Structures are given as structure tokens and as C-alpha cells.
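What follows is a short report on a single structure.
The values are calculated or read from the model by the stated rules, or taken from the named source; none is laboratory data. Just so you know, these numbers come straight off a predicted model, no measurement behind them. Because the Cβ atoms are built from the backbone with ideal geometry, glycine has one as well, and the counts that use them run over all protein chains shown. Surface accessibility is based on the protein's heavy atoms, side chains included, excluding ligands, DNA and RNA. Shrake-Rupley method; radii C 1.70, N 1.55, O 1.52, S 1.80 Å.
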Amino acid sequence: QIGEISVAIEHLSTAIVSRIMASLYTRFPLIDTKYGNAVITSAPNEFHEVGGRIVADLLEIEGWNVDYIGTNIPQQDLLEHLKGKKPFLFGLSVTMPYLIENARQIILSVKNDPDLNAIKIMVGGLAFFHTTNLWQKIGADGWASNGLEAVQLANSWWNEANSLDV
């Protein structure tokens, strides 16, 4: 972003991190699913995937049933996947600020669809660090600044939704 490294080096770094993450994943024991379904992706035309992949892996290790569907998913395909999966949680990653509008459109589509509007929507990524409460302005239910916060927020939503009022 500030021109200190080339795009080629950035992509090489991403590939290295992805390979390390994949190799570490096999070291975790099989986790029983104790939470619901989650779908993690990024805004259309967003190609940065490491953050979303980290959140997906951390949620899965925590006990979520996660579909990480990668980057740059067309909106209609994403909505169809959400309808088929029926997740409790939808996580949307946005790195580039100029893609916030794409994220807003996805969120609006989910919120306006009667089959999807109960899904909790979490956003994250570098784009949300630039403007205070941007996540609220685009209609998300919450924002996480890192993977640990994402897991904590997802778990708190699940526990709140599944607690018995006595």
C-alpha cells in the first residue's frame, strides 16, 4: 500500500503464509462441532485472503462448522451458497477501502432477504481501521480487528442466541 514492497513480493509472502497455515492445521486434533455453521469470504473483487482464512481456521478450531469460500465470489453465487448452508454467522473480509461499497451491497442483500436476514454478519479487515464505526454504517452486526476478537464475538453471539431465559 505504501510502496515498500512489490505486488509480487506481497503475493509471495501470502503464498508462504498460506502454506505455513496449511501445514499447521494438521497438528490440531479433530474438534467436535459445538457451534453452528459459518461462512467466511471477502467482498466481491477483493483478492486478499489471508485474514479471512485465519478467521475461518480459528473458528473451525474453536468448534464452528465453517465454509471458507475464498475470495472474489460473485454476489449471486454467495447468496445462493448462504441459502443452501443456512449459517448462523457470515464473515466478510475487506482489505481495500474502495471495496467497502461492495461489502455494503452484500450486507444489504442478506439483510433484505427473508431467508437470510437472521444471519449474524461480522466484518473485518484493514478497510475497517480507517473509519470509526464503519461496520455499523454499512449494516454489519459487528466488527473484529483480529482473529481472536472474531472468535470471541462469534461465540458470544452464539451463546446469547442459544441461552435459555429462565
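Calculate the all-directions average of the projected area of the range 45-156's alpha-carbon convex hull, and give it in nm².
On the way: hull surface 24.5 nm².
Spelled out: convex hull of the Cα atoms, projected over all directions, averaged, 6.1 nm².
Rounded, prolate or oblate for the range 24-92? Axes are the square roots of the Cα gyration tensor eigenvalues, ordered a ≥ b ≥ c, and the cut-off for rounded is a/c under 1.5.
Working: a/c = 2.88, a/b = 1.41, b/c = 2.05.
It comes out oblate by the Cα gyration axes.
Please work out how much length the chain gains when fully extended from Thr131 to Ile5, using 0.36 nm per residue of separation minus the C-alpha to C-alpha distance, in nm with one decimal.
Values: separation 126, 0.36 × 126 = 45.36 nm, distance 2.51 nm.
Gain in length upon complete extension: 42.9 nm.
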Inset, instruction - Using only protein heavy atoms and a 1.4 Å probe, report how much of Ile61 is accessible, in Å² to the nearest 10. - result: 50
Inset, instruction - Calculate, for Asn159 and Asn72, the FRET efficiency according to 1/(1 + (r/R0)^6) with r their C-beta to C-beta distance and R0 30 Å; round to the nearest 0.05. - result: 0.40
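Could you state the orientation-averaged shadow area of the convex hull built on the Cα atoms of the range 107-166, in nm² to one decimal?
Details: hull surface 20.3 nm².
One quarter of the hull surface, i.e. the mean projection, equals 5.1 nm².
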Inset, instruction - Using amide H atoms built 1.01 Å from N in the peptide plane, name the residues 5+ places from Ser42, or on other chains, whose amide H lies under 5 Å from its own. - result: Asn72, Ile73, Ser93
Legend entry - the range 53-101 - Rg and Dmax from Cα coordinates, angstrom: 11.8, 33
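Span-like helices, the chain: DSSP H, alpha-carbon axial extent 24 Å or more, mean Kyte-Doolittle -1.0 or greater, which ones?
Both cut-offs are met by 7-25.
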